[in-house]
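The values are calculated or read from the model by the stated rules, or taken from the named source; none is laboratory data. This one's a predicted model, so the numbers in the text were calculated from it and none came from an experiment. Positions of Cβ are generated from backbone atoms using ideal geometry, with glycine treated the same way; all protein chains shown enter the neighbour counts.
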Amino acid sequence: MIGFLHRYVAGIRLPEDPGPEAAGYRRFVVAPQPGGGLTWADATHDSPYGRIRSAWRRDADGLLVDVEVPPGTRAEIHLPDGRVLDAGPGRHLHRCGSYAASVERTVSTCRVRSPR
């Protein structure tokens, strides 16, 4: 269950065809998939290069996606609205406005942390 939440709900995973450049999560994908009644998710993975973080939250303005990429790595961020972005080290905030209609009033939480 934890692996599913980490790889799909938060979306932290290696590329489909990783190759040697992805070793140790030097290159990785963040492709969060909101749904299932969840209103937010926040997950981390401690790679050899530092902490990778993927978080998202639904609000009245849509969906806010927050990704942290450690030094010496690159991420391919797949946003739920279809945009795909190449991101270097640092924090990356992106809003997907198309989710405004799907904001739910239920209280659901998900926080996942990979083992060190």
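For the reader, a short list of remarks on this structure follows.
- Residues within segment 1-15 that are touching a residue at least 12 places away in the same chain (Cβ under 8 Å) and in a loop (DSSP other than H, G, I, E, B), tallied: 4
- Residue that is farthest from GLY97 (Cα to Cα) [pool: residues in segment 10-49 that are crowded, with 16+ Cβ neighbours inside 10 Å and of a type in the set (S, T, N, Q)]: SER47
- Scanning segment 49-61 for residues that are modelled with pLDDT under 95 and either aliphatic (A, V, I, L, M) or closer than 25 Å to ALA22 by Cβ (or both) returns a single hit, ALA60.
Results for (1) outside any loop (DSSP other than H, G, I, E, B); (2) modelled with pLDDT of 90 or more, shown as yes or no for each residue.
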| residue | (1), (2) |
| --- | --- |
| GLU21 | yes, no |
| GLY24 | yes, no |
| PHE28 | yes, yes |
| GLY37 | no, no |
| ASP42 | yes, yes |
| LEU63 | yes, yes |
| GLU76 | yes, yes |
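- Hits in segment 63-77 - residues which are surrounded by fewer than 20 Cβ atoms within 10 Å (Cβ to Cβ) and at negative phi: LEU64, ASP66, GLU68, PRO71, ARG74, GLU76
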